[in-house]
Amino acid sequence: MQVTDKDRELIALLGQNARMPVATLAKRLSLSRTTVQARLERLEREGVISGYGVRLSETYLSGLIRAHVLITIAPKALSAVTASLGAIPEVTTLHSVSGTFDLIAIVAAPSISELDQLIDEIGTIDGVERTLSSIILSTRISR
């Protein structure tokens with residue numbers, strides 16, 4: 001899978017706005033529309049681009065209380081804990097990490113009380129030994 005500098009530029013533009021028309025992408029990349037369309041199709045076919053998603057507005061996100069929940073799990077409980085966390089819609093991202101904790105879950109809830117309940121729910125999952133939470137005050141960079 002070969003990704004060129006122009007491919008990276010294309011991916012960055014799509015990261016800003018996945019709905020940007022091919023003609024606009026072509027103009028910004030100084031390429032023909034046909035070339036950009038072919039690059040998109042190749043990146044999709046090769047699995048570099050696996051889909052397109054929704055980026056929520058800062059206005060909407062500012063209404064949510066978000067937190068990082070660091071999770072220590074019992075030995076051999078990773079798949080069960082991952083499945084349980086995957087079933088919770090408020091868990092927006094889950095990372096495996098090295099260090100003292102095994103996982104970091106990014107969670108979002110509309111209020112502090114709902115966030116508190118969510119963190120309690122995570123703590124009661126079979127295989128979760130302990131959690132440590134930090135509320136996100138603001139996001140300085142998001143790409």
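Counting only protein heavy atoms and using a 1.4 Å probe, what share of the accessible area of segment 5-46 belongs to carbon plus sulfur, as a whole percent?
Carbon with sulfur: 48 percent of the solvent-accessible area.
Before I look further, what does the chain give for accessible area per residue, probe 1.4 Å, in whole square angstrom?
Heavy-atom accessible area per residue stands at 67 Å².
Taking Cα atoms, how many degrees apart are the long axis of helix 5-16 and the longest axis of the chain, rounded to 10 and kept between 0 and 90?
For 5-16 against the chain, the angle is about 60 degrees.
State the Cα centre-to-centre distance between segment 119-136 and segment 24-102 in whole Å.
Value for the Cα centre distance between the two parts: 21 Å.
Among 83-89, 22-28, how do they line up by average Cβ neighbours within 10 Å per residue, starting with the highest?
22-28, 83-89
Calculate how steeply helix 33-45 sits against the longest principal axis of the alpha-carbon atoms of the chain, using the helix alpha-carbon long axis, and give the answer as 0 to 90 degrees to the nearest 10.
Helix 33-45 and the main axis of the chain meet at about 40 degrees.
Given H placed 1.01 Å from N in the peptide plane, which residues other than close sequence neighbours of residue 64 have an amide H under 5 Å from its amide H?
For residue 64, no residues qualify.
Rounded to the nearest 500, what is the 222 nm mean residue ellipticity of the chain from helices alone, with -39500 (n - 2.57) per DSSP H run of 4+ residues and division by all residues?
-12000 deg cm²/dmol
Using a 1.4 Å probe, how large is the accessible area of residue 60, given in Å² and rounded to the nearest 10?
Roughly 120 Å² of residue 60 is accessible to a 1.4 Å probe.
Dipole magnitude of segment 5-46 about its Cα centre, charges +1 at Lys/Arg Cβ and -1 at Asp/Glu Cβ only, in debye to the nearest 20?
Charge dipole, segment 5-46, about its Cα centre: 180 debye, nearest 20.
Please build a GNM for the chain, connecting alpha carbons under 10 Å apart, and tell me which residue among 32, 62, 133 fluctuates the most.
Of the options given, 32 has the highest mean-square fluctuation.
Report the dimensions of the chain along its three principal axes from the alpha-carbon atoms, largest first, rounded to Å.
The Cα atoms of the chain stretch 55, 36, 24 Å along the principal axes, largest first.
Cα convex hull of segment 5-46: how many Å³ per residue?
Given the Cα convex hull of segment 5-46, per-residue volume reads 61 Å³.
What is the Cα coordinate range of segment 58-136 on the first, second and third principal axes, sorted by size from largest, in whole angstrom?
Extents along the principal axes, in whole Å: 40, 21, 17.
Sort 20, 1 from largest to smallest accessible area, using a 1.4 Å probe on the heavy atoms of the protein chains.
The ordering from most to least exposed comes out as 1, 20.
The values are calculated or read from the model by the stated rules, or taken from the named source; none is laboratory data. Bear in mind the structure is a predicted one, so any value in this text is a computation, not a measurement. In this analysis, Cβ positions are derived from the backbone assuming ideal geometry, glycine residues included, and neighbour counts consider all displayed protein chains. The area values use the complete protein model at the heavy-atom level, side chains included, leaving out ligands, DNA and RNA. Shrake-Rupley method; radii C 1.70, N 1.55, O 1.52, S 1.80 Å.
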